[in-house]
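First comes the structure, then the notes that go with it.
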Amino acid sequence: MDDRLKGKSALVTGAGPGIGHAICLALAQAGATVTAVARNRENLERLAGAMPSGAHRCWSIDLETDAGCALLAERLREGEVPVIVVNNLHVPSPKTRLRNLSAEAFSSGFTANIDHLFFILEPVLAAQHAQGYGRWIGISSMAARAGMPGQGRYNAQKAAMEALLTTLAVEEGHHGVTANCVALGYMETPSVVARVPEAVRTKLAAANALGRGGTAAQVADAVLFLSSPGSAYITGQVLAVDGGASLAWNFK
Ligand SMILES: NC(=O)c1ccc[n+]([C@@H]2O[C@H](COP(=O)([O-])OP(=O)(O)OC[C@H]3O[C@@H](n4cnc5c(N)ncnc54)[C@H](OP(=O)(O)O)[C@@H]3O)[C@@H](O)[C@H]2O)c1
């Protein structure tokens, strides 16, 4: 039995189907008590039923609003405050080239994927300092560096999250706190399968060294490692989980 996270409390935001769900399962299976946050209640109920028994909490909260972020912080303060935070949240961005993006469309909600981190920062850091153990993990994308056309705002949002967590790594490292990101390539999640035409997905799957798309469980494995004591000397890093796609494009 994997008990690497026994006695640890973990928060996963963006805990809907796909990567968020897989991360919650992996952390719970390793012994963590998981607090999962997304909006869709049915998906959260499915997640609650799938996790091994424990004092897990599945909360439907809209983290795109300040009120939702404040509610999350308030609820966390009422119970066990997590020392592991996984930010998998992705509020969709407009899909358009930069030249067609208005200043308003660029800046409105630009920080929507990371705002909640500021609302919970103080109680989470207090718990991490008290336990001498803390993990911040951001689910990023190779898009943060690859300049994917037509998704400039998303690319910039992921880069901003990486910079934020790097800063946290430097500022909090002396307290046993690490902060890292995983930068994903093409992952075959329900949301991608629903949004991206099959022909495009076939091309994406071929455009990496392994010649296939990744799975949510493979992301969860990387996150589990970064959450666990075994990653104690790794901080401020961006780990590519992309089948080698960031090495070069057009493998075939
Ligand atoms: N799949 C890929 O190929 C790929 C590649 C690179 C990076 N990523 C990153 O991996 C992460 C997961 O991606 P995914 O493909 O599994 O699916 P996704 O649809 O991007 O996941 C987004 C998650 O955020 C939640 N969410 C969205 N708006 C929210 C809000 N206002 N308040 C609270 N929760 C909200 C969604 O649940 P609800 O709708 O229930 O709220 C869902 O669980 C994302 O951060 C994405 O950017 C994915």
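With neighbours defined as other Cβ atoms within 10 Å of a residue's Cβ, the residues Phe225, Phe118 order from fewest to most as Phe118, Phe225. Ordering Asn40, Ala127, Leu25 by Cα displacement along the dipole of region 15-141 toward the positive end leaves Leu25 in first place; charges were set at the Cβ atoms of Lys, Arg (+1) and Asp, Glu (-1). Simple point charges give the picture: +1 on the Cβ of Lys and Arg, -1 on the Cβ of Asp and Glu, and for the chain a dipole about the Cα centre of about 820 debye. Couplings 3J(HN,Hα) of region 193-198, computed from phi: 4, 6, 8, 9, x, 4 Hz, in residue order, whole Hz [Karplus 6.51 cos²θ - 1.76 cosθ + 1.60, θ = phi - 60°; x for Gly and Pro].
In terms of other Cβ atoms within 10 Å, Ser227, Ser93 run from fewest to most in the order Ser93, Ser227. Of the GluC sites (Glu not before Pro) found in region 1-89, those that fall in a DSSP loop while having at most 16 other beta-carbon atoms within 10 Å are Glu64, Glu80. Fully extending the segment from Glu74 to Thr215, taken as 0.36 nm per residue of separation minus the present Cα-Cα distance, adds 47.4 nm. Its alpha carbons give the chain an Rg and a Dmax of 17.5, 54 Å. Between Asp3 and Arg41, the FRET efficiency estimated from the beta carbon spacing at R0 = 35 angstrom works out to 0.70.
Sorting Ile234, Ile61 from the fewest to the most surrounding beta carbons within 10 angstrom yields Ile234, Ile61.
Spin-label model, His174 to Asp66: label points 7 Å out along the Cα-to-beta-carbon direction sit 3.3 nm apart. Sorting the segments 100-113, 155-168 by their mean number of nearby beta carbons within 10 angstrom, highest to lowest, gives 155-168, 100-113.
Dividing the Cα radius of gyration of region 110-201 by its Kirkwood radius returns 1.07 for Rg/Rh.
Laboratory data are not the source of any read-out in this text; all were calculated from the coordinates shown. Note that the structure is a prediction, hence the values are computed from the model and not measured. In this analysis, Cβ positions are derived from the backbone assuming ideal geometry, glycine residues included, and neighbour counts consider all displayed protein chains.
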